1. Could you rank the peptides 976-983, 3-10 by their average count of other C-beta atoms within 10 Å per residue, with the highest value first?
2. Of Lys124/Lys710; Lys7/Lys124; Lys44/Lys683; Lys411/Lys718; Lys124/Lys768; Lys411/Lys505, which sit over 29 Å apart, Cα to Cα?
3. In what order, largest first, do Met573, Met1018 sit by accessible area if the probe radius is 1.4 Å?
4. Going by average Cβ neighbours within 10 Å, how do the peptides 997-1007, 607-617 rank, with the highest at the top?
5. Once the whole set of protein chains is in place, how much accessible area is left on Ile1091, using a 1.4 Å probe, in Å² to the nearest 10?
6. For Lys1083, which aspartates and glutamates qualify as cross-link partners when the Cα separation must be under 18 Å and same-chain residues fewer than eight apart are set aside?
7. Excluding ligands and nucleic acids, what accessible area in Å² is computed for His890 using a 1.4 Å probe, to the nearest 10?
8. For segment 901-914, in order, what is each residue's ³J(HN,Hα) by Karplus, 6.51 cos²θ - 1.76 cosθ + 1.60 with θ = phi - 60°, in whole Hz (x at glycine and Pro)?
Amino acid sequence: MSISASKLGALYDYLDSGNYKAGLKLANNLLEKNSKSNLVKSLKAYALERTGKTDEAHEICDEILSHHPLDEDCLHPLKLVLRNLHRLQDITRIYEAAHAAHPNDEGTAIDLFASYVRDGNLIKQQQLAMKLLKLSGGKERYQWWVILSIMLQACNALPPHVVPTNHAASPSSASSPGAGAMDPGKLLQLAESMASRLAARSGNLESLEGLLVYLDLLLARGQPREALALVTGPVGGGVLRLAEERALLHADLAAACGEMREAADVLRAQLAANPEDWAALTGYLDCLLPGSATAAGPTSSSTNSQQQQQQQQQPGMLTRPCASSSLLWFTGGLAARMHAGSIGASSQQQLPDGHHKVAPSRRQRAEDIEAALTEAHSTIEGMLSAVGAQQQPQHQDKGRQVTMRGPHLAKVELAWRVANLSASTDPLVASSKWQLLAEAILGYMQFAGQMYSCSADLRPYLPHVAGSARTWLLQQLQEVAGFPTAGQGASTNQLLAGTETALRKRISALQVMEGLGSPVFGSEAQAVQHAMQLMQLYVDAQHFYKGLDERERAPADELPPLAASALVSAAIMAPSDAAATGHLLHALLMLEAAAATRKWSAPIRLALVALHTLLASPGGAKANMDFLRIKHVQLDTLGGHFLLPALRAYPLEPPKAAAAAAGGAASGGGSEPKRPSSKLLAKTCAFFSDHRKDAGETLFTAYSSGTYSKVLEFSAFKERLEASHTHLLARAETVLDSLQVPLASIPQPTAAAVCAQVADTWDALGFKDAARATRPAGAAQQSTLQECPLTLPIPSLQHTRFDEDLSTRPVWYPPLVAPVHLAPVCWWEQRNMEGGLQGSGLGWWAATASAEAEDPQAVAWRQGSHAAACARLHLPQLLTASLLCLAHAHEAPASATPTQHLARARAAAVAMARGSLPSSGGEASSQQQQHQQQELEQCLEQWGGVESGPDWAYLPCSQQLQRLEVVLGAAMVAACEATLNANAPMDPDAAQPSPVLQARIELVQAAMLAACSKLCAMLAPQPQSNGATAEAGPAAGSNGVMVLPGAPLAATAALVHGCLAWLPVFLQAWSDSVLHLQGRMKKSKTSAQGIEACSTALSAALSQLSQAHQQARQQLEGSLHSVLQWQQGQLQSLLEKYVGGDAQQLWAWQHSQAFDARCVLKAMAQEQGALLQGLTDMCSRGKKAAKK
């Protein structure tokens, strides 16, 4: 029975409008009359998937697939459902069947090609594109599809992107293609020959995109002269309609051929026509002064220079000295990937045939540089004359005149390059050249100081100004700023805004001074005074804000962040954490007051996120980040390093009712409210998962629309996201966050619940092997374990991409080498170290793309961050493998299952100790297990054995907590091994208790005692120092501060929700295993002295570890309870005391109803109270479980 078109149309209308419930109801009605309609079933499955009923959607899809549908009307909605359900292989199968049924149908073949694109099956893509080429009679678009499929195969055959590290990669890993991959050189030759035949056949190409791909192929094969001939010939003339595009490509390719003079002439003509073309200018200077942009300057490292020399000496490598055309060196292109890092690196240019030009003499080199400088100065003066930029821009009341700043900034660029060359050739002359750079910066300030972009334009050059040049520049900027130096009083005129132009120049000067590391304060009082003066200037500038939209940038928006930097400088100099907390609270209240009317200011909001994180206010951090509306790729670039530390360091408990029901939802089936951290992690993981699902659609859209260069770009972007460090971090924290559900259950979590929770989360995150190994089923469990790798599939450090935009972090909030949940702890520890933090100046993270820079500090940050994420990801494997090993210990030696679990636990413990291990499949051999044991013992010996246990007290708290997890993991492995040996000894009478177990238990005791003692000392209220003034720390009362620093709360949360939360689960599993052993000994009615001795030793070790755990919980519970009572009793009095005094000038000007200092402080104190109460409850529950 057929279905009427009107009813189908109504069903489509419901689904298109998002009314899925009505659509589902109509689909059910239609299926009652026509139960065999695959079209209606597919539409019903679509409605079910959109309403979250994925299990039912899966069932209907399976039913439809069993009938092998071929109707396009049915296939299209079915494809949408399967894609959303991540069943891409099923989409491919249905279109393969459709293509087999209609092999000459071009539309069906295109649909199948799209399926292969989604799957990433490049070989089948190429084969099907060849069929389409024949079916269509030789359409050019299909020929490009073939070429691109081959190019992507060549990309896959190349080694992955390698991020610089301190350890050189082995030659084999750095240069050899993947196993089984065709040689990329042959693939490129095949693709290039097809492109050349295509161009020769018609004498032209249909689009610019085809030309760009062809040029990329030629450059990837080291044929820049052929590429230059293509651009300057009839093919380039027919495709490149804009003279500017053709000129830039011409110059770039001429420079790639080593024809610097030709490239410079082309770019000079381009600059005469368009003086504002910054890409043309930098390319022009690259050609005139090769190597000037990368020569060794005052901040360059010897490592960089050595790497550049190595790149210069590699024969046959195409040098890219001119970076003017983004058309040519586009992201993801083969040329950019194969020759990355060789941009302008050498003054000795390489020719395409691999032979070098004869190096000129030193005298000739100096004469060439002098002539080039004369020409560059002449060109820049010509640019200035062309734009008529000798006069200052005229500002009007309504709007501003558009001013070309490129020619003026060109003077700064040239001065920097000259100083770079001088530093690499004659350091004695370099000091005068750096002075010229300082003068050029001042000249640009005088011209463009009133522009919002002034300080951002100058920011890349500031780290290079040092010594006497820096001192001179600061003196000149001080006059431009018209602001008192640190420690001096301000006149009335100095704190008046004046005209908008004058105000903007002063602010730009202050920003540049901060970038140079000024002002340097001699005391806390000076820093506080400077912040107050800045805010007085901000208040006087409020009349400029009248009539401005909230989202529009205002003239004085930079002043509150500058004032906050001064207050944080005071906090860094403070004698105690209590006094430092007062300064940070001042900065927070001041920025909250500014944010009340400047809601969308990103610098203010990000600074507030950082301050709320340092002051243990995760709710405040989230509220401020929510204003920025970060989404999609910003979750990768911002969310992971800004918001995630706040939410993971201070885990807020869900409502008590939900927590009480958590016992029944241990396997993830509950519907209790999610924590903020859970929501952020789910959102972040969903972004990466959705992109992996949708990347194929984006790629096919680029294919079908003819934007061929985007195919390569989107493919590279997909590759980058799959190797993202934020993705690795989010997956690690997701597993640990999900563990808090069973670990917080009442009265006590079970080993089965913990393993089930971890397995479910791993399965959802794509760690299928780890999930199968955590819950093996039936008789196949041994083979299942043997097939699973011992460690998780984690990208190595060299192949991990660090996409974090670190330049958005304030100068006082550096990216620290620490696990994400201990980031606030490490900041406070750095504060207590001399020179650990800075309140002004530009750190290594201020540069664009600094996360993947070659700076030694950036390398150390990447190594530490990757190791910390790997350790966090392996922690659940250590716990679950240990629990499963103890659960199956009684099966030894008849079954290899407990041995396999022990191998997984040991591998996880070593991975936590060393950061990461390569994944190895199958059962570990005895030699591998012995090597892992030696690795773990070596790490523990480096930290000190039992004899040096008291040294734990001298470690920073963050290191104590990280090492405690490792030594506790090592003790768990030793306990599992000793239990297995007692259950299956080779000689029952000769069995010996494990000395390793006793040593590790004692090491755990020492580490746990030291960590708890330090935490209790940190939680104790700090008395105010005698010399502290009201300005230095008005938040400090007689016994301490109203709001605790973030360090004690974050560190306590890390211990309570970490080791102390999951240790009872292990103790219970170990106790059950020991009791089972003792029961079996009684039943056997045989007496073996060795087994009895082992059993006694196991019981003693178990009791010793249990006592250490119970003592730690009791100690922490007492401290937390005292702090909680003190805070609740002193809240109102300290609140009234804090909002008074001179410090309120920082925020008292704000009369908006959206801001109330008392409300902000009270909310923070209440949030900390909730955190303290949650930690106290966790300690109390754990103590009861330990007693039981």
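The values are calculated or read from the model by the stated rules, or taken from the named source; none is laboratory data. Because the structure is a prediction, the values reported are computed rather than measured. Glycine gets a Cβ as well: all are built from the backbone with ideal geometry, and neighbour counts include every protein chain shown. Calculation scope for accessible area: heavy atoms of the full protein, side chains included, ligands and nucleic acids excluded. Shrake-Rupley method; radii C 1.70, N 1.55, O 1.52, S 1.80 Å.
1. In decreasing order of mean packing, 976-983, 3-10 become 976-983, 3-10.
2. Values: Lys124/Lys710 20 Å; Lys7/Lys124 40 Å; Lys44/Lys683 27 Å; Lys411/Lys718 39 Å; Lys124/Lys768 26 Å; Lys411/Lys505 19 Å.
The pairs that break the limit, which is 29 Å between Cα atoms, are Lys7/Lys124; Lys411/Lys718.
3. Descending order: Met573, Met1018.
4. Ranked by mean Cβ neighbours within 10 Å, highest first: 607-617, 997-1007.
5. The accessible area of Ile1091 comes to roughly 30 Å².
6. Result set, ordered by chain and number: Glu891, Asp989, Asp1072, Glu1092.
7. It works out to around 80 Å².
8. 5, 4, 4, 5, 5, 5, 4, 5, 5, 5, 5, 5, 6, 9
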